[in-house]
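Enquirer: Quick one: the structure is below, questions incoming.
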Amino acid sequence: MDKLDLALLNLLQENNVATAESLAQSVPLSPSAITRRVRRMRDEGLIARDVAILAPALTEHRLRALIHVQLKEHAPENGLKAFRERMRQASEVQYCAEITGSFDLLAIIVTRDMATFNAFADEMLEAEPAVRRYETSFVRREIKNAPVVRLEEEDLRR
């Protein structure tokens, strides 16, 4: 990777359907060179996937929750692996990460309504032997949703 790749990746995070011609207005390369670089970055896995982020008008009526999960200290590792995999596979789970502090996992859950959320919580958390406890906070209003990781030159050294 070089500085031009970083510039392309930063631009593509803002608009992943930008044409090579429009990217060439910001990156000093020909459209064909940009097309080759982007194809290479996709092939190498530097671009994990292309997604469409829906407009708030389509999603603002959904119930969104942030759940902090504390796992049992002595839960068997195979049980924890199975729980992590169920969280990974659940369509309601938008984001899930292992975290530090008094909780072990943080998950962002999106459901149609409270009844659907309660069914998810009962099945995925209450009935889960690896879960000691969990706390839920519901999103009242989205202030910012920008899934962009700005890359800089020092990222080239890693």
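The values are calculated or read from the model by the stated rules, or taken from the named source; none is laboratory data. Because the structure is a prediction, the values reported are computed rather than measured. Neighbour counts are summed over all protein chains in view; Cβ atoms, including those assigned to glycine, are modelled from backbone coordinates with ideal geometry.
Enquirer: I'd like to check something: does region 31-43 contain any residue that is in a loop (DSSP other than H, G, I, E, B), not assigned by TED's automatic domain parsing to the domain that holds residue 131 and not β-branched (Val, Ile, Thr)? Steps first, please.
Expert: At the first step, the residues of region 31-43 found to be in a loop (DSSP other than H, G, I, E, B) are none.
Scanning region 31-43 turns up no residue that is in a loop (DSSP other than H, G, I, E, B), not assigned by TED's automatic domain parsing to the domain that holds residue 131 and not β-branched (Val, Ile, Thr).
Enquirer: Further question on the same structure: With out of contact with any strand residue (DSSP E or B) (no Cβ under 9 Å at 6 or more places or on another chain) and touching a residue at least 40 places away in the same chain (Cβ under 8 Å) as the only criterion, which of 44, 14, 21 stands out? Write out each step before concluding.
Expert: On the way: 44 fails: touching a residue at least 40 places away in the same chain (Cβ under 8 Å); 21 fails: touching a residue at least 40 places away in the same chain (Cβ under 8 Å).
Step by step, each of 44, 14, 21 is checked, and only 14 is out of contact with any strand residue (DSSP E or B) (no Cβ under 9 Å at 6 or more places or on another chain) and touching a residue at least 40 places away in the same chain (Cβ under 8 Å).
Enquirer: For region 1-43, enumerate the residues that are exposed (fewer than 13 other Cβ atoms within 10 Å of the Cβ) and within 20 Å of the chain's Cα centre (by Cα).
Expert: Within region 1-43, 14, 15, 17 meet the criteria.
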